[in-house]
Amino acid sequence: MLSIVVDTNVIVSAFMSPNGNPAQIARMIRANDERIRLCCNAEILAEYTEVLKRKHFRFDEKEVDDFLNKVNKYSLFHEPPKSTFPMIDEKDRCFYDIAVHFGARLITGNMKHYPVESFVISPTEFLAKI
């Protein structure tokens, strides 16, 4: 089983395009796929909620709620201490810190926002590993 942390941009992409790689990852999360374990914390769940419920996206409310409920139900939650590693976007620190804490793969579409680390991968790279 691979531990994963999924950046919000991947989740948004999944809702925008149901046939892409991010959507495949979101389906794995919804299904509680035995090959993965989603790692999360309150800050990440709050960001997923805030972004997915933005009015301009017009995502189906029931689908969003179902996804968020699955994240809450199936994720491994922890609140690690904040790292001091320099980050381009401070909002991304929570994803990085959870990935480091759990030794998880951090799946993102914004590679440039994170330090160059072998565990920071794109959705395509992740799916190739599964």
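The values are calculated or read from the model by the stated rules, or taken from the named source; none is laboratory data. Quick caveat, the model's predicted, so the values are computed rather than measured. Cβ placement follows ideal geometry from the backbone for every residue including glycine, while neighbour counts extend to all protein chains displayed. These accessible areas exclude ligands, DNA and RNA; they are computed on the full protein's heavy atoms, side chains included. Shrake-Rupley method; radii C 1.70, N 1.55, O 1.52, S 1.80 Å.
Things to note:
- Exclusive hit being under 15 Å from Val12 (Cβ atoms) and free of Cβ contacts under 8 Å to residues at least 40 places away in the same chain, set Asp33, Asp60, Asp66: Asp60
- Residue that is most open to solvent (accessible area, probe 1.4 Å) [pool: residues in segment 28-41 that are assigned to a helix (DSSP H, G or I) and under 15 Å from Asn69 (Cβ atoms)]: Arg30
- Test: residue in segment 98-115 that is among the small types (Gly, Ala, Ser), over 14 Å from the mean Cα position of the chain (by Cα), part of a loop (DSSP other than H, G, I, E, B) and exposed (fewer than 12 other Cβ atoms within 10 Å of the Cβ): yes
- Qualifying residues in segment 67-91 (those that are over 23 Å from Leu2 (Cα atoms) and in a helix (DSSP H, G or I)) - the one most open to solvent (accessible area, probe 1.4 Å): Lys91
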